[in-house]
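Scroll down for the structure; my scribbles are underneath it.
Each reported figure results from applying straightforward, stated rules to the coordinates on display, with no laboratory input. Keep in mind the model is a prediction, meaning the values are calculated, not measured. Positions of Cβ are generated from backbone atoms using ideal geometry, with glycine treated the same way; all protein chains shown enter the neighbour counts.
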Amino acid sequence: MKLQSIVNSLYSVYAEAKVIHWNYTSENFAAIHALSKDIYEFAEGAADTVAERMRFLELEPQILLVDTEYQKDQGFEPLIMVIEEKVADIYNEMNKLDTKKGVNKTTENMLLTITEQLEKFHWLLKSHLPE
Ligand SMILES: [Fe+2]
């Protein structure tokens, strides 16, 4: 199991949500501005939770710098795509859980709580897309 790659995924969501929060100015500005803040705050907190779980498991969490750039007038769809992609990556890592270690049910539950919230954010963002 690579909890570090889950931390990295959460920082990717964090970074994408942050640049949208700073730069997005189009339709539904107020809602997207507020929602992107909820998302980056959640992603940073979730990364912290996973990193501290790593410490409990005697692993050493790292922060890898995320290369995220907002393209002019890109909208907020890239954030929807990043969340989709990173939730899939987290599920993928969860499937590699080492069941020999007694601590993994707890780790799995923690990750399910995180993905559940990310999926909710995904759904909320999509509701702001034009029909
Ligand atoms: Fe802000």
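Checking the cross-link pairs Lys37/Lys72; Lys18/Lys126; Lys2/Lys72; Lys2/Lys120 against a 28 Å limit on the alpha carbon distance flags Lys2/Lys72 as lying beyond it. A simple rule links phi to the HN-Hα coupling: the Karplus curve 6.51 cos²θ - 1.76 cosθ + 1.60 with θ = phi - 60°, which for the stretch 8-15 gives 4, 4, 5, 5, 5, 5, 3, 5 Hz, with x for Gly and Pro. Rounded to the nearest 10 degrees, the inclination of helix 104-126 to the longest alpha-carbon principal axis of the chain is 10 degrees. Using only Cα atoms and rounding to the nearest 10 degrees, what angle (0 to 90) does helix 77-94 make with the longest principal axis of the chain? That works out to roughly 10 degrees. In terms of its alpha-carbon gyration tensor, the chain comes out prolate; a/c meets the 1.5 threshold, and the first ratio a/b outweighs b/c. Here the dipole of the chain is about 420 debye; that uses its Cα centre as origin and unit charges on the Cβ of Lys and Arg (positive) and Asp and Glu (negative).
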